[in-house]
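Below: the structure, in structure tokens.
The values are calculated or read from the model by the stated rules, or taken from the named source; none is laboratory data. All values derive from a computational prediction rather than experimental measurement. Backbone-built Cβ (ideal geometry, glycine too); neighbour counts: all protein chains shown.
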Amino acid sequence: MRINLVKRFTLPLAAGLIGWLALANVAAAANEPDELVSKAEASFRDFQNDPNMQWLRDNLGRAKAVMIAPEMRKAAFVVGGSGGRAVLLARDPNTGEWSGPAFYTIANASLGLQAGVDKSEVVMLVMTDNGLTSLLKTQAKLGGDISIAVGPVGSGAERGITTDVVSFSRSKGIYGGLNLNGTIVKVSDERNQKYYGQKASPTDILVRHTAANDRGDALKNQVARAAGQASVTQ
């Protein structure tokens, strides 16, 4: 009799708990792109305000696009590998307005984070049409499809850099040194669909402008102001 009573009360409770956890996971997954955008805002603000990022500030106005990866971690995807999530914003060459974000995943077999560091934040300036066009594809390889150089740090940083992408990284206050050669940058169709409520490719988001979400306006305006461009039209 006692066993039956236990079953009578514990089974519905367990079923309810499982159902609640499932709903919680769905909600968390739905909010994940927004969380990434918020983290990207914080990372970009930190880079923009950093006195050592003079080259980034001086050249942001020339950039075709900006990719922000708030957290690049060791063993994020495979054993011995590294990676993270990123967003890409692009500037319209005709209007100067910024659009996005489009969502990506980043993976590298050996990212080369400094000793004692398990994560790093990265901002990449896309300086050429080839760099942006390559990132609009399903996947691209830094150092392969796209040439990449580590951005100079400090007030006396050199200016003559000719490459598709210039990357800046910070890990616990340590600048540069993050080798992104061989890194695979892949479009995150799942996050793009969650964020925009429809299937949306980077071209739809950044070029055709057929997918929009006003929750991304704060990040767009932040980048636009930093680049010396007019604020995004609301």
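Overview of values
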| read-out | value |
| --- | --- |
| Long-range neighbours under 7 Å by Cβ, at least six apart or interchain, first residue touching a residue at least 24 places away in the same chain (Cβ under 8 Å) and assigned to a helix (DSSP H, G or I) within the range 214-226, second surrounded by fewer than 16 Cβ atoms within 10 Å (Cβ to Cβ) and basic (Lys, Arg) | 222/45 |
| Flag for residue 40 being in a helix (DSSP H, G or I) and modelled with pLDDT of 50 or more | yes |
| Meets criteria (modelled with pLDDT of 50 or more, over 23 Å from residue 128 (Cβ atoms), β-branched (Val, Ile, Thr) and surrounded by 10 or more Cβ atoms within 10 Å (Cβ to Cβ)) for residue 66 | no |
| Every pair of residues 6+ apart whose Cβ atoms lie under 7 Å, when the first sits in the range 109-135 and is over 12 Å from residue 72 (Cβ atoms) and surrounded by 17 or more Cβ atoms within 10 Å (Cβ to Cβ) while the second is hydroxyl-bearing (Ser, Thr, Tyr) and at pLDDT 65 or above | 127/163 |
| Filter result for the condition that a residue is at pLDDT below 90 and of a type in the set (Gly, Ala, Ser), over 144, 154, 131 | 154 |
| Odd one out for residue 99 among (1) of a type outside the set (D, E, K, R); (2) at pLDDT below 95; (3) over 13 Å from the mean Cα position of the chain (by Cα) | (2) |
| Those residues of the range 198-208 which are in contact (Cβ under 8 Å) with a residue 60 or more places away in the chain and either β-branched (Val, Ile, Thr) or exposed (fewer than 13 other Cβ atoms within 10 Å of the Cβ) (or both), in sequence order | 203, 205, 207 |
| Test: residue in the range 107-122 that is at pLDDT 90 or above, more than 18 Å from residue 69 (Cβ to Cβ) and among the charged types (D, E, K, R) | no |
